[in-house]
1. Regarding segment 103-111, can at least one residue be identified that is at pLDDT 95 or above, under 16 Å from the mean Cα position of the chain (by Cα) and not polar (S, T, N, Q)?
2. Are any residues in segment 191-217 free of Cβ contacts under 8 Å to residues at least 12 places away in the same chain and either farther than 21 Å from Asp39 by Cβ or not in a helix (DSSP H, G or I) (or both), and if so, which ones?
3. Only one residue in Leu234, Leu270, Leu257 is over 22 Å from the mean Cα position of the chain (by Cα), under 19 Å from Thr201 (Cβ atoms) and surrounded by 17 or more Cβ atoms within 10 Å (Cβ to Cβ). Which one?
4. Look through segment 32-66, keep the residues that are in contact with a Pro (Cβ under 8 Å, 6 or more places away or on another chain) and not polar (S, T, N, Q), and return whichever of them is farthest from Thr133 (Cα to Cα).
5. Return the only residue of Ala64, Ala84, Ala52 being surrounded by fewer than 21 Cβ atoms within 10 Å (Cβ to Cβ), part of a loop (DSSP other than H, G, I, E, B), assigned by TED's automatic domain parsing to the domain that holds Ala143 and modelled with pLDDT of 95 or more.
6. Here is a list: Ala143, Ala148. Which entry is of a type in the set (Gly, Ala, Ser) and more than 30 Å from Ile284 (Cα to Cα)?
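The values are calculated or read from the model by the stated rules, or taken from the named source; none is laboratory data. Remember, predicted model here, so these are calculated numbers, not experimental data. Here the Cβ positions follow ideal geometry from the backbone for every residue, glycine too, while neighbour counts run over all protein chains shown.
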Amino acid sequence: MNCGAAIAPPEGSSPSKQKSTCNERHNESAVPTMGYLHDGHLSLIRLAATHADFIITTIFVNPAQFAPDEDFEKYPRDPGKDTALAESAGTSILFMPSVEEMYPPGYLTYIEVEKITQILEGKFRPTHFRGVTTVVAKLLHLAKPHVAVFGQKDAQQAAVIRKMAKDLNFDLHILVGPIVRESDGLAMSSRNIYLSPKQRTESTVLYGSLKEAERLISNGEVAGSVITAAMRMLITSRSSAKIDYISIADAGTLEELKTITPGDSVLVSLAARIGGVRLIDNVIIHVPRTGV
């Protein structure tokens, strides 16, 4: 490793200084996050370390992916703790730019993937993915990693970023790390801190409904409508959750599956609000080719 770092040290600096100044580059992985790191994030950093010898972790609460009525201002932040956690997981360089550095006055350029951003999360958060793809493209352009790592919890986001990277000819490999869960099954999320004790208890029904979908499919159920109805009944009978969506879709294309067939990789995903807290979760089920 004998060339300059691709991006700034933990204190951050102008993105204009982030590109490497030499031709020989590290074998680099990038892990973009919004911070308030938990074990799910740390697992992605550790996964990145198995594919590269230089790990760039970015922390940026991106205003472009929040709607005006969402939680940008109150989104949890703890840069000091994040720095310690990122370093403990193997981060080589931590990049924490300001909003002004990423979106200077007069900023007018955005990147948008069509079609697959208009369903699922995109149906309820119509400007969200434009903000995601724009900031991820900027971060990847600055860091120029060989590998970028994202989490399976945001399954649609991972699919959208894969599509963006392919369509825009990014020269990198995208890895998706598995969901890390609490002991009771709740998917780890920075937003879990918003849950009251009662809401936290209720939230476990979301993963329970995904396990019910797994059970139904393993027992031979092929009708997407039957599976979603069972999940909906379970969630509403055991919690006060307000369901945004439950989806049975092709894990690759995100197209809804009315009927599951042998060999399908099925993404079962959901979004629901418990109190004022919006939670998402999913599982991927690989159906054997020999039969459901």
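1. As a first pass, look at segment 103-111 and keep what is at pLDDT 95 or above: 103-111.
Adding the requirement that they be under 16 Å from the mean Cα position of the chain (by Cα) leaves none.
Checking segment 103-111: not a single residue is at pLDDT 95 or above, under 16 Å from the mean Cα position of the chain (by Cα) and not polar (S, T, N, Q).
2. The answer is Lys198, Arg215.
3. Numbers: Leu270 fails: over 22 Å from the mean Cα position of the chain (by Cα); Leu257 fails: under 19 Å from Thr201 (Cβ atoms).
Leu234 is the lone residue from the list that is over 22 Å from the mean Cα position of the chain (by Cα), under 19 Å from Thr201 (Cβ atoms) and surrounded by 17 or more Cβ atoms within 10 Å (Cβ to Cβ).
4. Among residues in segment 32-66 that are in contact with a Pro (Cβ under 8 Å, 6 or more places away or on another chain) and not polar (S, T, N, Q), the one farthest from Thr133 (Cα to Cα) is Ala52.
5. Values: Ala64 fails: part of a loop (DSSP other than H, G, I, E, B); Ala84 fails: part of a loop (DSSP other than H, G, I, E, B).
Exactly one of Ala64, Ala84, Ala52 is surrounded by fewer than 21 Cβ atoms within 10 Å (Cβ to Cβ), part of a loop (DSSP other than H, G, I, E, B), assigned by TED's automatic domain parsing to the domain that holds Ala143 and modelled with pLDDT of 95 or more, namely Ala52.
6. Step by step, each of Ala143, Ala148 is checked, and only Ala143 is of a type in the set (Gly, Ala, Ser) and more than 30 Å from Ile284 (Cα to Cα).
Residue-wise test of (1) part of a helix (DSSP H, G or I); (2) crowded, with 21+ Cβ neighbours inside 10 Å; (3) without any contact (Cβ under 8 Å) to a residue 12 or more places away in the chain.
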site: Glu114; (1), (2), (3): no, no, yes
site: Val132; (1), (2), (3): yes, yes, no
site: Phe150; (1), (2), (3): no, yes, no
site: Phe170; (1), (2), (3): no, no, no
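Here is a yes/no grid of residues against (1) at pLDDT below 95; (2) of a type in the set (D, E, K, R); (3) assigned to a helix (DSSP H, G or I):
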| position | (1), (2), (3) |
| --- | --- |
| Lys19 | yes, yes, no |
| Val31 | no, no, no |
| Leu44 | no, no, yes |
| Phe72 | no, no, no |
| Arg77 | no, yes, no |
